[in-house]
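Novice: Sharing a structure with you now.
Just so you know, all these numbers are worked out from the coordinates, no wet-lab data involved. In this text the structure is predicted, and so the values were computed from the model without any measurement. Cβ coordinates were reconstructed from backbone atoms using ideal geometry, including for glycine residues, and neighbour counts include every protein chain displayed.
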Amino acid sequence: MSDHPVKISIQQEQFDIQAETEFLVKKSPNAGALVSFSGICRADDTLSALELEHYPGMAESQIQKIVDEALAKWPIQGALVIHRVGKIAVGETIVLVAVTSAHRHAAFDGANFIMDFLKSRAPFWKKEYLAEGGEGSWVDAKESDEDALSRWDQNADRTNS
């Protein structure tokens, strides 16, 4: 949609958060703000890993639509979305969303917007692996993730710099 630097990657391999965000900043020379979010496979007493699957082609297309919408809503200079698939152990990074802008408000709002829609609208499926061994069940979307989307409807005309 735009000439802003955008990187979208769905991959099995782990990635270097610092290298990825440095790449985005270098591609956004007028940026005064970088906001990033890293999602990590969290530990609890029952979980040993997650397995994520996606719909190839459709997932990338949906993420691009989400990023394009964020670029249209805020003065974002660049965006980065990396989402892992495959089996991910506790403590490993699952997702990275990073946004650059001239000012912090647009960067925060853009990153939040992308993450909220990524969590609820991108075609990914999660299966739990249990600490006691064996596979758990496929995880349904959380109601709280859907609720997070409602704030963007309420703030549809809000743009920050």
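Novice: Just want the answer: with Cβ charges of +1 for Lys and Arg and -1 for Asp and Glu, which residue in ILE8, PRO29, HIS54 is farthest toward the dipole's positive end in the range 1-160?
Specialist: So the residue furthest toward the plus end is PRO29.
Novice: Sticking with this one: May I ask for the net charge around PHE23, where only other residues with Cβ less than 13 Å from the Cβ of PHE23 are counted and Lys, Arg are +1 while Asp, Glu are -1?
Specialist: Working: positive: LYS7, LYS26, LYS27; negative: ASP16, GLU20, GLU22.
Around PHE23, the charge tally is 0.
Novice: Can you give the % of DSSP beta bridges in the range 1-110 that are antiparallel, to the nearest 5? Could the numbers behind the result be given before it?
Specialist: Numbers: 19 of 25 bridges.
Roughly 75 percent of the DSSP beta bridges within the range 1-110 come out antiparallel.
Novice: Which entry in (1) 11.2; (2) 9.4; (3) 15.9 is this structure's computed mean projected area of the Cα convex hull in nm²?
Specialist: Only one option fits the structure, namely (2).
Novice: Could you tell me which of the pairs LYS65/LYS127; LYS65/LYS126; LYS7/LYS126; LYS7/LYS119; LYS27/LYS87; LYS26/LYS87 are separated by over 27 angstrom between their Cα atoms in the structure shown? Write out the running numbers ahead of the final one.
Specialist: Values: LYS65/LYS127 25 Å; LYS65/LYS126 22 Å; LYS7/LYS126 23 Å; LYS7/LYS119 18 Å; LYS27/LYS87 31 Å; LYS26/LYS87 31 Å.
In this structure, LYS27/LYS87; LYS26/LYS87 lie more than 27 Å apart at Cα.
Novice: Compute the long axis of helix 17-26 from its Cα atoms, compare it with the longest principal axis of the Cα atoms of the chain, and write down the angle in degrees, 0 to 90, nearest 10.
Specialist: Computed tilt is about 20 degrees.
Novice: Using only the Cα atoms, work out Rg/Rh for the range 25-80, with Rh taken as the Kirkwood radius, to two decimals.
Specialist: Details: Rg = 15.9 Å, Rh = 14.5 Å.
So for the range 25-80, dividing Rg by the Kirkwood Rh gives 1.10.
Novice: Can I ask one more? Add +1 for every Lys or Arg and -1 for every Asp or Glu among the other residues with Cβ under 15 Å from the Cβ of SER48, and state the total.
Specialist: Numbers: positive: ARG42, LYS87, LYS126, LYS127; negative: ASP44, ASP45, GLU51, GLU92, GLU128, GLU132, GLU135.
Counting the neighbours of SER48, the net charge comes to -3.
Novice: What does the helix-only formula give at 222 nm for the chain: each DSSP H stretch with n ≥ 4 adding -39500 (n - 2.57), the total divided by the residues, and the result rounded to the nearest 500 deg cm²/dmol?
Specialist: -11000 deg cm²/dmol
Novice: To test your reading of the geometry: what angle, between 0 and 90 degrees and rounded to tens, separates the Cα axis of helix 104-121 from the longest principal axis of the chain?
Specialist: So the helix axis and the longest Cα principal axis differ by about 40 degrees.
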